[in-house]
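Worksheet for the structure shown next.
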Amino acid sequence: MHGPISDSIPDPLADPLAGTQAGTALRTSRYRVSGMDCGSCAAKIETALRRVPGIHEVRVSVPAGTVTVSHESMLGADAVVRPLTALGYGAIPAEPVAEAGSASCGGGCGGAEAQPHSHAHSHDHSHGHSHSHSHGHDDVSEAPWWRGRKARLTLAAGAALAAATALGLLVPAAEPWAFPLALLVGLVPVARRALAAARAGTPFSIEMLMTVAAIGALLIGAVEEAATVLVLFLVGELLEGVAAGRARAGIRGLTALVPDTALLEQDGGAPHPVPAAGLAVGSIILVRPGDRVAADGVVLSGRSAVDESPVTGESVPKPKAEGDEVFAGTINADGALRVRVTAAARDNTIARIVRLVEEAQASKAPTERLIDRFARFYTPGIVGVAALVAVVPPLLSGGDWTEWIYRALAVLLIGCPCALVISTPAAIAAGLSNGARRGLLLKGGAVLEALGGITTVAFDKTGTLTEGKPRVTDLIPLLGSEAELLADAAALEAGSSHPLARAILAAAAERGIAPPAAGEVTALPGAGLTGKVDGRLVALLSPQAAASSLSAAQADQAAAFAEAGKTVSVLLVDGIPTGLIAMRDEPRPDARSGIAALERAGIRSLMVTGDNARTAGAVAGMLGMAAHAELLPDDKLRIVRDLQAQGQRVAKVGDGINDAPALAAADVGIAMGGGTDVALETADAAILHGRVGDVAALVALSRRTMANIRQNIALALGLKAVFLLTTVLGVTGLWPAILADTGATVLVTANALRLLSVRP
């Protein structure tokens with residue numbers, strides 16, 4: 001479950017032992033495949049590729065439209081593309097992902113598919129292809145669904161049926177041969193793919209069921225009905241492809257957020273447009289008001305507000321100034337910014353999100369694996385039932401052979417498992433895409449499924465429940481004003497990068513206070529700072545270092561602040577205390593409401609932190625949760641293990657290196673977006689914009705997705721059960737059978753697509 005969530009692509013198929021035993025290196029490569037619109041497509045592809053010598057593992061992602069194979073290094077791309085083409089799918093290879101057996105391929109991996117504007121990453125799979133895959137390589141391209149070969153085949157079959165109907169009415173003598181010809185227009189491509197799938201190891205494909213049903217109807221004289229059913233089948237497949245394409249385009253649409261060009265500053269000249277995909281790390285770009293940011297970077301100069309909603313889901317624009325980070329795809333509002341690029345196009349935030357979600361969609365959830373196993377026995381079982389329906393009544397009760405063969409053919413069509421097989425991956429893919437668009441990143445369906453069962457969430461404190469940086473909370477002037485107190489303290493701290501110094505300088509800046517210049521500034525180890533400000537001797541000391549200068553009341557005030565978990569500094573001017581400054585790493589603005597949301601969901605929260613007990617207790621008291629403080633990484637791991645031993649399902653939320661062991665051990669590890677690379681790589685999920693409330697949003701997304709899956713399974717099996725019964729009883733025939741099959745698939749996909757637009 002655990003794998004990288006940073007700028008490297010995990011190699012989920014790598015086997016460290018494979019290849020080494022035989023002396024053959026393995027590689028992992030990815031292919032973009034068009035025409036995959038349901039689980040049966042994936043099953044056919046996986047079965048066919050596993051039979052290719054030299055291929056060790058295959059992973060198919062229908063939502064992402066990709067096939068990832070672990071293969072011997074000498075195996076050429078044609079060995080993978082050829083069987084896919086034989087099955088009727090379009091395929092193009094991308095660059096190799098990684099050497100098998102490596103833990104990570106580093107920031108340069110991903111190849112063409114990782115680049116937002118590369119051909120291998122940008123094609124749109126929304127062009128209505130499904131089981132009937134009448135397209136070749138040229139279909140792996142950006143094209144609307146109505147221009148695909150599948151759409152053309154459906155139109156041709158429909159036109160042939162219309163022509164046969166008209167000809168039969170005008171020239172009745174032509175009817176016996178007109179409808180068989182119309183049937184063949186659609187049947188021949190479907191039958192060819194059915195045979196290819198059978199040769200590749202999938203004899204019970206939907207194409208085979210459709211072919212047998214159509215030929216059977218032809219033999220018993222139901223030719224007109226067979227031709228009509230085939231056209232309905234192709235129309236239904238086209239609708240399935242459009243629906244699946246919408247789900248696939250949901251996350252792919254993120255790549256369009258990154259502009260094609262950027263204004264590059266070079267050699268002191270005027271900024272000139274260059275392709276954004278070619279920007280190198282360290283390049284300087286100009287982002288004008290109204291422009292989208294072309295790359296991840298750091299602001300060198302300028303001030304503006306930036307709309308980060310495309311990346312983080314946060315609707316309020318954030319102010320940006322020198323030193324602040326900006327993300328590719330975000331929108332600059334009202335001021336020009338000069339930005340130094342910190343990530344290449346294939347490694348920017350948008351590309352990483354897309355890559356992560358595609359990898360996550362390739363990871364099957366437990367429910368999906370269960371449905372896949374069930375489908376392996378379900379389809380042959382339906383074929384057996386159809387055979388019994390065709391043979392048993394005529395033999396035992398003297399029923400009409402034609403009538404019962406007709407009913408058996410309808411049973412075959414009803415028995416297609418597509419709606420059942422796609423019920424789970426369609427919902428999982430929509431849930432993952434919905435989360436990614438809101439800054440909730442998950443590493444797979446198993447993680448999404450597990451989140452709904454969480455009973456306890458263990459939070460780190462610093463940087464997770466709190467903002468991760470101290471802020472000035474109290475200013476107590478003993479002589480003079482707050483402004484004078486801040487000005488003198490800021491003067492001493494002006495050259496320091498200590499977190500407490502930054503807190504004081506930030507407080508002064510917020511109040512518009514320009515600190516005077518300080519001279520002869522000297523650091524007193526373990527005590528504070530001293531210096532000359534406007535000819536006065538100014539010192540900023542800890543309460544312990546200043547104890548001899550404080551009155552009893554002043555010392556009590558400092559102690560009260562410390563008891564509340566705050567760090568206190570005492571300002572002395574010429575040896576006389578002039579004020580107290582209290583600072584603390586404050587809870588995130590939504591921390592209390594986020595904990596309350598988890599409580600409403602029936603989930604207990606607790607704090608596990610390495611901070612001192614007094615500070616941890618103060619923050620935990622503000623948030624209404626229990627606290628475990630002064631913990632080492634092993635202690636955090638032990639607490640997670642103890643909770644699991646008590647039967648709790650634990651989610652661990654953290655952002656630091658010391659959280660990594662507990663993140664890995666928890667049922668679900670969640671990294672805050674601003675966390676360290678180690679935390680991000682160890683976790684199962686990440687909250688991109690670091691809101692505590694998004695933990696509850698993740699749980700809600702999981703529960704909503706699982707409810708959607710249950711609805712889909714009930715819909716798929718319920719419709720089939722009803723029509724199976726009515727068909728055996730002779731109430732419904734071939735037309736309702738194909739409508740039941742295709743209709744169930746379309747309904748299941750449409751229900752899953754509802755998850756794309758749901759917000760908490």
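The values are calculated or read from the model by the stated rules, or taken from the named source; none is laboratory data. What you see is a predicted model; the values in this text were computed from it and never measured. Every residue, glycine as well, gets a Cβ built from its backbone with ideal geometry; the counts of neighbours run over all protein chains shown. When the accessible area is computed, the model is the full protein with side chains, heavy atoms only, and any ligands, DNA or RNA have been set aside. Shrake-Rupley method; radii C 1.70, N 1.55, O 1.52, S 1.80 Å.
Quick notes
- Condition check for ALA523 on (1) among the small types (Gly, Ala, Ser); (2) in a strand (DSSP E or B); (3) closer than 30 Å to LYS652 by Cα: one failure, at (3).
- Among (1) in a helix (DSSP H, G or I); (2) under 22 Å from VAL746 (Cβ atoms); (3) modelled with pLDDT under 85, the one test that ASP138 misses: (2)
- Subset of segment 189-239 (residues that are open to solvent by 10 Å² or more (accessible area, probe 1.4 Å) and not in a helix (DSSP H, G or I)): ALA200, GLY201, THR202, PRO203, PHE204, ILE220, GLY221, ALA222
- Conditions (1) out of contact with any Ser or Thr (no Cβ under 6 Å at 6 or more places or on another chain); (2) in contact (Cβ under 8 Å) with a residue 60 or more places away in the chain; (3) open to solvent by 20 Å² or more (accessible area, probe 1.4 Å): number failed by ARG604: (1)
- Any hit, segment 561-582, residues being hydrophobic (A, V, I, L, M, F, W, C), open to solvent by 50 Å² or more (accessible area, probe 1.4 Å) and either in a strand (DSSP E or B) or touching a Leu at 6+ places or on another chain (Cβ under 9 Å) (or both): yes
- From the list ALA645, ALA591, the lone residue that is out of contact with any strand residue (DSSP E or B) (no Cβ under 7 Å at 6 or more places or on another chain), open to solvent by 10 Å² or more (accessible area, probe 1.4 Å) and of a type outside the set (D, E, K, R) is ALA645.
- Residue in segment 397-414 that is open to solvent by less than 10 Å² (accessible area, probe 1.4 Å) and within 36 Å of the chain's Cα centre (by Cα) present: yes
- Among the residues of segment 37-74, the ones that are open to solvent by less than 10 Å² (accessible area, probe 1.4 Å) and modelled with pLDDT under 75 come to 3 in all.
- Qualifying residue in segment 489-511 (condition: open to solvent by less than 70 Å² (accessible area, probe 1.4 Å), at pLDDT 90 or above and not hydrophobic (A, V, I, L, M, F, W, C)): no
- The residues listed here are ARG704, ARG710; of these, the one that is at pLDDT 80 or above, assigned to a helix (DSSP H, G or I), surrounded by fewer than 20 Cβ atoms within 10 Å (Cβ to Cβ) and within 19 Å of the chain's Cα centre (by Cα) is ARG704.
- Considering residues of segment 532-560 that are under 20 Å from LEU475 (Cβ atoms) and in a strand (DSSP E or B) only, the residue most open to solvent (accessible area, probe 1.4 Å): ARG536
- Within segment 454-477, tally of residues that are in a helix (DSSP H, G or I) and of a type in the set (A, V, I, L, M, F, W, C): 1
- Residue tally, condition under 48 Å from the mean Cα position of the chain (by Cα) and of a type in the set (Asp, Glu), over segment 504-528: 1
- Members of segment 75-110 found to be closer than 28 Å to ARG149 by Cβ, surrounded by fewer than 19 Cβ atoms within 10 Å (Cβ to Cβ) and either of a type in the set (Ser, Thr, Tyr) or modelled with pLDDT under 50 (or both), listed by number: THR85
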